[in-house]
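Structure first, then comments.
The values are calculated or read from the model by the stated rules, or taken from the named source; none is laboratory data. These numbers were taken from a predicted model, which means no experiment stands behind them. Because the Cβ atoms are built from the backbone with ideal geometry, glycine has one as well, and the counts that use them run over all protein chains shown. Note: areas computed on protein heavy atoms with side chains; ligands, DNA, RNA excluded. Shrake-Rupley method; radii C 1.70, N 1.55, O 1.52, S 1.80 Å.
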Amino acid sequence: MVWGEGLFFDDWDSSVFMAVEWDKQRNTLPNQQRMPMWDDSSTSNEEVRHYEQYRRSDNELTCSNIKVGTVIKNLWSIYLLYGICDSTIDLTYYDKTVAWGFSVDSTFQSDGDPFYGVGLSFIMHEGNLWNTLPVKAGIDIKYRRFDFEVDTMDTNGTFYAATLDEIQMALLLSADTGFIQPYIGARISSTTGKEHYMNQNIPAPFYDKGYIDYEDDITWSKNMGYVIGAAYVVKEAVSINVELRFGDEEAMGCSASVRF
């Protein structure tokens, strides 16, 4: 966040800023189980039972976006973002209705999918450490919406589509050492959504459609971790930022911001 004087205006209670951002993150959506009813008609005495299905995925998202927002009284920042995301999804699907226990791994790569979001940042406290080092404590809350679709039915008989709603919240402590402003903090993110997975390559006589056709909601999952970064500030109006995140989610990112 750029809190100094603007590039063109220095006497506004409110001003606008623009940033370009690049971010690469890896996370996991853990095992999610459902127990559908299944009628086994292959036995002499037909029976209906609940059988186990679950999904798990390891995801890598590489996102580039533009962020535009407003700074209010040098304490609040409200922003919108829009960008493009390249994704790799390694999906594991298990179904006990197939051969009494069947598991398959599929990898999907989707390029250039648009995403959008909105966020809010604000300074909670300003003070001095050891009476000499200016520090600030702040919070950033961000929502992003992703839509992926990989349809390769004509070539390798698979299909995957997902809509993800991601909320991130970070608590940060930064220090003003001059041109360099390092910061540390903690971050938590949650993901919900919907997904649809199809695979025609699996002999599955138990499926009415003859292949895997799985569609369900992605229930709430969370990733917790830590963040460390630093911003290089030029004349209080331009900021170049580099950041690393660790924990359940691993990520690296960089951005450049200009306050007008």
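Taking 0.36 nm per residue of separation and subtracting the current Cα-Cα distance, fully stretching the chain between L173 and N131 would add 13.5 nm. Going by accessible surface with a 1.4 Å probe and the largest first, W130, W76, W22, W220 read W130, W220, W76, W22.
Taking a ≥ b ≥ c as the square roots of the eigenvalues of the alpha-carbon gyration tensor, segment 69-178 is classed prolate because a/c is 1.5 or more and a/b outweighs b/c. For segment 149-257, GluC sites (Glu not before Pro) meeting the loop criterion (DSSP other than H, G, I, E, B) and having at most 16 other Cβ atoms within 10 Å: E236. Which pairs, out of K24/K73; K73/K222; K24/K96; K24/K235; K142/K194, put more than 25 Å between their alpha-carbon atoms? Violating the 25 Å limit, Cα to Cα: K24/K73; K73/K222; K24/K96; K24/K235. Largest first, the residues V118, V258, V150 sort by 1.4 Å accessible area into V118, V258, V150. A simple spin-label model places the labels of T163 and A256 3.6 nm from each other, with each point 7 Å out along Cα-to-Cβ.
With a 1.4 Å probe rolled over the protein heavy atoms of all chains, the accessible area of S189, S14 falls in the order S14, S189, largest first. Summary of the geometry: segment 215-243 and segment 92-154, compared by the centres of their Cα atoms, lie 10 Å apart.
Packing here is the average count of other Cβ atoms within 10 Å per residue, and on that basis the peptides 176-183, 110-117, highest first, run 110-117, 176-183.
For I228 and L80, a Förster radius of 35 Å and the Cβ-Cβ distance give a FRET efficiency of 0.85, rounded to the nearest 0.05. Computed extension gain for I240 through E215, at 0.36 nm per residue and net of the alpha carbon distance, reaches 4.8 nm. Spin-label pair F122-N156: with each label point 7 Å from Cα along the Cα-Cβ axis, the two points sit 4.8 nm from one another.
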